[in-house]
Structures are given as structure tokens and as C-alpha cells.
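Shown next, in C-alpha cells, is the structure this report addresses.
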Amino acid sequence: MSITKFAVAGATGRLGRHVVDILTERGHRVVPMSRATGVDVITGEGLAEALTGAEVIIDVASWHSSDQDAATEFFRTSARNLQEYGQKAEVAQITMASIIGVDKATAGFLAAKKVHEELLLSGPIPVRILRAAQFHEFVGQLLEWQQGDVAYIPALPTQLVACRTVAEELVDLALDSAAPAPGTPVPEIAGPRQETMAEAARLLGARRGIEVVGVDGSGMPDAEIAAAGGFLPGPHAKLAGPTFEEWLDTRP
Ligand SMILES: NC(=O)c1ccc[n+]([C@@H]2O[C@H](COP(=O)([O-])OP(=O)(O)OC[C@H]3O[C@@H](n4cnc5c(N)ncnc54)[C@H](OP(=O)(O)O)[C@@H]3O)[C@@H](O)[C@H]2O)c1
């Protein structure tokens with residue numbers, strides 16, 4: 001197996017740390033990029049140095065809140081910088097993590113991710129995209145955003161997937177040099193079980209002493225599309241465990 005040098009944008013995040021672990025376990029060279037490692041994909045600080053000699057960028061950097069305008073601005077700038085600095089460094093490929101449903105989204109964070117995909121694809125370096133379902137690890141963040149002993153979580157269908165599972169698939173895609181055949185749908189990865197976000201949050205809430213109340217999600221961006229299952233994985237999606245409950249049982 002040949003050894004590839006990867007630069008991972010968002011290396012310290014929920015997904016990014018698994019990407020770094022898997023690349024390292026497989027013997028590849030990894031440059032972790034995040035503000036914590038002195039690399040800023042927005043200001044460009046440290047980016048040229050980090051990309052020197054890199055063959056592939058894996059882009060899993062993210063904006064920290066669901067605000068559509070702020071997230072769009074973040075992804076617009078990061079996409080432009082990764083393409084520009086990457087081209088100068090002669091990077092051969094960018095692989096990015098996106099979210100299942102961005103093609104149907106009209107608002108909110110998913111719409112910002114749609115812009116992220118489009119702008120990365122419009123640059124000179126070839127781009128591979130993996131769309132993932134919401135992460136098991138995201139459920140805890142939903143509870144933390146609300147604070148207090150009661151959390152109101154949308155009872156909208158989802159098919160949660162573990163970050164480690166997504167990271168494995170993302171690394172496989174980044175190492176796949178064969179261009180996809182024309183018309184091939186964007187690859188998707190999701191967990192094996194459909195449930196509502198409120199059901200999953202209830203399992204975690206029970207461990208943390210938080211009562212979870214399921215709500216209908218009205219007021220959320222594209223709630224009607226979500227309620228109709230529009231953001232669930234398509235028929236071509238790869239489904240892989242663990243389920244949310246199995247994953248939770250492995251947590252300390
Ligand atoms: N969360 C989900 O359920 C979900 C589902 C499907 C797909 N995705 C996608 O997966 C990707 C990763 O999501 P995540 O949940 O792992 O994100 P996350 O935990 O919020 O991590 C974000 C990462 O981006 C880095 N970052 C933020 N601003 C930066 C900047 N200016 N320059 C360099 N690095 C910066 C952060 O590190 P520093 O703070 O140190 O800079 C961190 O490493 C995103 O593209 C997201 O849209 C997420």
C-alpha cells in the first residue's frame with residue numbers, strides 16, 4: 001500500500017479526530033489543521049505551510065452553530081481558501097464531509113452545506129463528497145445547547161451514524177483514485193436504524209438526568225421536508241453500525 005500525505009481540516013473536531021486516528025492507524029502521514037494546531041482555514045494563517053507536500057485534503061472543518069448566514073460565510077471562505085492554497089501546493093484531491101439531504105434543503109445549516117459543496121466543486125482541484133447522516137455524537141450537543149433538566153428535541157426521523165463509521169468511509173473515498181462514473185449519485189453513509197432524534201436523545205437524557213420532550217420541529221428550517229423523511233438516506237446509501245443505542249452502551 002502506498003503512503004499518502006493528508007492534510008485534515010477540522011482535525012480536532014468530532015469527525016476529524018477519528019479521520020486522523022484512522023489515517024494514522026493505516027500508516028499514512030497526517031497534518032492536522034485546526035486553529036488549535038495553528039492553522040486557520042478562514043484567515044489562511046498557517047495554511048500554506050500545512051499544505052506543503054500534501055497530496056489530499058480531507059475537509060471536515062465546520063462552523064459551530066446552526067446560523068445559516070454565518071455558516072454559509074464560513075464554508076464560502078474555507079472552500080475558496082482550501083482550493084486556492086491547495087492549488088498552489090499542488091494538492092491532487094479534496095474529499096469533504098457533507099450532510100444527507102443538502103440537495104433538498106432550502107434553509108438553515110443544510111443550505112449552508114449545499115453552498116459548501118457547490119463552491120468546493122467549482123474550484124480547480126477535483127472534489128469527492130461523502131454525505132453523512134447526523135452523528136451519534138451530535139445528540140449530546142443538542143442536549144447541551146438547551147441546558148437545564150428538560151430538553152425539547154424534534155421528533156423528526158433520522159438515521160444516526162457513528163463518527164468513526166463516517167470517518168472510515170471518508171478515508172476510503174479519499175484513497176479511491178478512480179473517478180466516479182457519470183451519473184453516479186453522491187455517496188451516502190448512515191446508521192442501520194431509523195428513529196426520531198427525540199427517541200435517541202431520550203436514551204442519552206436518561207443517563208444524564210435530563211427529561212427529553214419530543215416536539216414537532218415546526219419553526220425549524222425545512223421541518224416539513226424532514227418530517228416527510230426527506231433527509232433520510234437514499235436507496236444507494238451504505239448503512240453501517242453501531243446503532244445509537246449500541247454506541248451509547250460503549251460510552252463510559
Ligand atoms: N454534526 C453532524 O451530525 C454532521 C452530520 C453530517 C455531516 N457533518 C459534517 O461533518 C463535518 C465535521 O463536523 P463535526 O461535527 O465533526 O464538527 P466539529 O466537531 O464542530 O469540529 C469542527 C472542526 O473545525 C475546526 N475549525 C473551526 N473553525 C476553524 C478555522 N477557522 N480554521 C481551521 N479549523 C477550524 C475546529 O477546530 P478549532 O476550533 O481548533 O479551529 C474543529 O476541529 C462538517 O463539515 C459537518 O457539516 C456533520
Those helices of the chain passing the 15 Å axial Cα length cut-off and the mean Kyte-Doolittle cut-off of 0.5 (DSSP H runs only) are 108-121, 163-175
Probe 1.4 Å, all chains present, heavy atoms only: Lys104 accessible area in Å², nearest 10, is 100
Taking the chain and counting helices only, DSSP H stretches of n ≥ 4 at -39,500 (n - 2.57) each over all residues, the nearest-500 ellipticity at 222 nm comes to -11500 deg cm²/dmol
For the chain, the percent of accessible surface on carbon and sulfur atoms (probe 1.4 angstrom, ligands and nucleic acids excluded) is 52
To the nearest 20 debye, the chain has a Cα-centred charge dipole, built from +1 on Lys and Arg Cβ and -1 on Asp and Glu Cβ, of 360
Sorted by chain and then number, the residues having a modelled amide H within less than 5 Å of the amide H of Tyr152, at least 5 places away or on another chain, are Val213
Averaged per residue, the 1.4 Å probe accessible area of segment 1-122, protein heavy atoms only, in Å², is roughly 45
Proximal lysine pairs in the chain, meaning Cα under 20 Å and 8 or more positions apart or interchain, come to 4
Among Val213, Leu239, Ala50, the residue whose Cα sits farthest towards the positive end of the charge dipole of segment 5-249, when +1 is placed on the Cβ of each Lys and Arg and -1 on the Cβ of each Asp and Glu, is Ala50
per DSSP, antiparallel bridges as share of beta bridges in the chain, % nearest 5, sits at 5
Projected onto the charge dipole of the chain (unit charges on the beta-carbon of Lys, Arg, Asp and Glu, signs +1, +1, -1, -1), the Cα from Leu204, Thr106, Leu15 with the largest positive-side position is that of Leu15
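The values are calculated or read from the model by the stated rules, or taken from the named source; none is laboratory data. Nothing here was measured: the structure is a model prediction, and the numbers come from that model. Every residue, glycine as well, gets a Cβ built from its backbone with ideal geometry; the counts of neighbours run over all protein chains shown. Accessible surface areas use protein heavy atoms only, side chains included; no ligands, DNA or RNA. Shrake-Rupley method; radii C 1.70, N 1.55, O 1.52, S 1.80 Å.
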